[in-house]
Amino acid sequence: MDSQRILADFFKKTWPYYVVSISLHLLASVVQVNFPRVLGRFTDELKADALTMDGVVRYGWILLAIGAGYALIGGLAQYLVMWTGRFFEYMNRRKLYVHFTTLSERFYSSHGVGKLLSYFMNDVTAVRESISMGVNQTAGASMLLLSTVAMLALTDAPIGLILACIFPLLLIPVVVAWFGPLIKRRSMLVQEALGAMTESAEEQFGGIRVTKKFAMEQVMAARFGETVERIRERQLRLVRVSSFFQSLIPFLGAVSLVIALGAGGYLTIRGDITLGSFVALTLYVRMLTGPLQQIGNVINVVQRARASLERLNDLLSKRADILEIEAAAEVAMEAATIEVRDLTYTYEGDEDALDSGQHRSREGDKASPGNGDPRERGDRDARLEQRRPREGERGDAEASRRRPALQGIDLRVPAGTTLGIIGRTGSGKTTLMKLLLRTYDPPPQTVFIGGEDVRRLSLRNLREGIAYVPQDGFLFSSTIRENIAFYKRDSALSEVERAARLARVYDNIVAFPDRFETRLGERGVTLSGGQRQRTSLARGLIKDAPILILDDSVSAVDTVTETAIMETIRELRQGKTTILIAHRISAIRHADQIIVMDEGVIVQRGDHASLLAEDGLYRTLHELQEEGTLQHGTGN
């Protein structure tokens, strides 16, 4: 989607309002330009001693009617344009959110929440101001200018005098061509700085508890102050240009007025034009100053909006890398066997990309061009060139840099069985689950559910058939009941309570004054870490999906509670596929099949008894954990 398309979709829905508004602006301008004409006639009659008291009253009512008519008609025209501007905000903020929901986890790993909020708040608002205030003032100013010039031509002022008065206005396009691109470039820098500040603020507020515990308020305030200072510097650079630009256009209008007063006054003294024509001429030229000021404001706003429009264009042009094929297959997840066949997976991208969280799948292994400042990309390319190994070293260096996250994984989980996965941190356990859920795309013909390649399954069929409970236990800023019933919004309270009991969090919830209607703070900070995990677990259990994945989902609870939860899950999940990922052997010891992962490879597989019987990582972990339990129990 490009910027022209953004506006085309909007104007396609709102063009009748703009037609009506512009027509009303034209009518309002026609009404207003009669003001100097009527005042000129009043002056001529006054000079000729032909003005009576009835004439004064008549002229007063005429001028009042002109003012009232202009206010009513112009006000209605302005309301219509402002209404369409708010509709633009409504339409495009919804469009942005829907677009965000289509993007994959890879996009969010490299874009902070603050920057995304900046698109919603700053960029959409800047474009809205352009198409509401901009269209409103442009229409009103343009119609008034045309009407004023037309009425000037109808006066008895010589054509040469009229041309001399409007000559300075012909310099406006030159001024716009010079300042416009400069304002746009500096506006782009301001918007980027605002996005960085929003991202920094979001991070600072999210970590405020850590900041206070370490007494680092001054350091974090200084760090945030740097982003605010960057905005101030860039805004001042923009203001210097835009202020000079906005003052230059009215100055041209003032030059026109000086010409009208000087040349018109000279011709009036000579008797070439009447005093009434001179008054009308100066008022018409004076009327040009207001529209010129408005046009200057509009050009300023439009140039800023163009920068925001380009940012929105860039965002909306991003496409999800997890795509569903046409005529995607669906399988019965209840009877689906999970198979992984010779899966080797590498997060794509160079070391810089990996450091910043920008991962790309192994499939294709073609790095796409990076976004951002070309100079930064050039610096990065230069650093990569310096790190590039010589001919004799190329193979080892490339192998080290492109080490797979998973390598040669073969696995079969029959329907209705339980798989336990254990391994050191960073061994690839969660990566395997992300490929199963297609939050990252696995290589073709490597991951199957029900005999179908997950890349050929419909995303809805795949993800509705799996309940995934992550370790972090993210909760929304709503009630506990709404969090547990997140997937099944129409769940009765009894169902929610049952899920809470199964997750061993019911007693904690009913201890709150509002029980299940207790509203949680941001990210569920009202609850402790263990309570958040168990509430998240209840959300997964109430889904009652054919496949349940617990990704170290009880790591924050004590051993006694963990044992009770795992016993409940064993009973509840009889005949259903369950995958348990854990660091503690006690959480997976009853699984039908256990795999041990280390550095992206399955190094052991079997059940609890067989793995203990052989020398390997599983027995080592078991001995370490049992020793820690014994020491804790004896007080050593």
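Among the conditions (1) within 30 Å of PRO414 (Cα to Cα); (2) of a type outside the set (Val, Ile, Thr); (3) crowded, with 16+ Cβ neighbours inside 10 Å, LYS488 misses just one, which is (3).
Count of the range 446-481 residues, restricted to those that are open to solvent by 70 Å² or more (accessible area, probe 1.4 Å), over 29 Å from GLU495 (Cα atoms) and in contact with an Asp or Glu (Cβ under 6 Å, 6 or more places away or on another chain), is 0. Look through the range 283-311, keep the residues that are charged (D, E, K, R) and under 26 Å from ALA139 (Cα atoms), and return whichever of them is most open to solvent (accessible area, probe 1.4 Å). The residue in question is ARG286. Among the conditions (1) assigned to a helix (DSSP H, G or I); (2) open to solvent by 50 Å² or more (accessible area, probe 1.4 Å), the only one that GLY195 does not satisfy is (2). The single residue among GLY60, GLY69, GLY55, GLY74 that is modelled with pLDDT of 85 or more, of a type outside the set (A, V, I, L, M) and in contact with a helix residue (DSSP H, G or I) (Cβ under 9 Å, 6 or more places away or on another chain) turns out to be GLY69.
A residue that is among the basic types (Lys, Arg), crowded, with 22+ Cβ neighbours inside 10 Å and farther than 19 Å from PRO444 by Cβ occurs nowhere in the range 312-319. One residue stands out among those in the range 577-602 that are open to solvent by 60 Å² or more (accessible area, probe 1.4 Å) and within 42 Å of the chain's Cα centre (by Cα): the one that is farthest from LEU548 (Cα to Cα), which is GLU599.
One residue stands out in the range 136-171 among those that are under 19 Å from SER277 (Cα atoms) and among the β-branched types (Val, Ile, Thr): the one that is most open to solvent (accessible area, probe 1.4 Å), namely ILE159. If you go through the range 214-254 and pick out every residue that is of a type in the set (Val, Ile, Thr) and farther than 24 Å from GLY195 by Cβ, you end up with 1. If you go through the range 620-636 one residue at a time, do you hit one that is surrounded by 20 or more Cβ atoms within 10 Å (Cβ to Cβ) and not in a strand (DSSP E or B)? No - not one qualifying residue is present in the range 620-636. Scanning the range 200-220 for residues that are of a type outside the set (S, T, N, Q), surrounded by 12 or more Cβ atoms within 10 Å (Cβ to Cβ) and at pLDDT 75 or above yields ALA201, MET220. All of THR14, THR43 fail the test of being open to solvent by less than 30 Å² (accessible area, probe 1.4 Å), within 21 Å of THR282 (Cα to Cα) and either at pLDDT below 75 or not hydrophobic (A, V, I, L, M, F, W, C) (or both), apart from THR43. Being of a type in the set (A, V, I, L, M) and open to solvent by less than 50 Å² (accessible area, probe 1.4 Å) is a property that VAL81 has.
Only one of the listed residues (GLY74, GLY60, GLY85) is without any contact (Cβ under 8 Å) to a residue 60 or more places away in the chain and farther than 29 Å from ASN122 by Cβ. That residue is GLY60.
Comparison of GLU482, GLU562, GLU497 shows that the only residue that is part of a helix (DSSP H, G or I), in contact (Cβ under 8 Å) with a residue 24 or more places away in the chain and acidic (Asp, Glu) is GLU562. Here ARG128 qualifies as farther than 16 Å from THR282 by Cα and modelled with pLDDT of 80 or more.
Condition check ((1) assigned to a loop (DSSP other than H, G, I, E, B); (2) farther than 30 Å from ALA157 by Cα; (3) in contact with an Asp or Glu (Cβ under 7 Å, 6 or more places away or on another chain); (4) not polar (S, T, N, Q)) across all residues:
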residue	(1), (2), (3), (4)
MET287	no, no, no, yes
ILE299	no, yes, no, yes
LEU309	no, yes, no, yes
LYS318	yes, yes, no, yes
GLU334	no, yes, no, yes
ARG341	no, yes, yes, yes
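Counting the residues of the range 245-255 that are of a type in the set (Gly, Ala, Ser) and either in contact with a Phe, Trp or Tyr (Cβ under 6 Å, 6 or more places away or on another chain) or surrounded by fewer than 21 Cβ atoms within 10 Å (Cβ to Cβ) (or both) gives 2. Selection within the range 500-524: residues that are in contact (Cβ under 8 Å) with a residue 60 or more places away in the chain and in a loop (DSSP other than H, G, I, E, B). The member of this set that is surrounded by the fewest Cβ atoms within 10 Å (Cβ to Cβ) is ARG504. What about LEU144, is it out of contact with any Gly (no Cβ under 9 Å at 6 or more places or on another chain) and assigned to a helix (DSSP H, G or I)? So LEU144 does not fit the description; no. Checking LEU475, LEU550, LEU527 one by one, the residue that is under 31 Å from the mean Cα position of the chain (by Cα), in a strand (DSSP E or B) and of a type outside the set (Asp, Glu) is LEU550 and no other. Considered as a group, the residues in the range 260-282 that are assigned to a helix (DSSP H, G or I) and open to solvent by 50 Å² or more (accessible area, probe 1.4 Å) include one that is farthest from GLN191 (Cα to Cα), and that residue is ARG270.
The values are calculated or read from the model by the stated rules, or taken from the named source; none is laboratory data. Computed from a predicted model, the values in this text were never measured in an experiment. Here the Cβ is made from the backbone with ideal geometry for all residues, glycine too, and neighbour counts use every protein chain on show. Heavy atoms of the whole protein, side chains included, go into the accessibility calculation; ligands, DNA and RNA do not. Shrake-Rupley method; radii C 1.70, N 1.55, O 1.52, S 1.80 Å.
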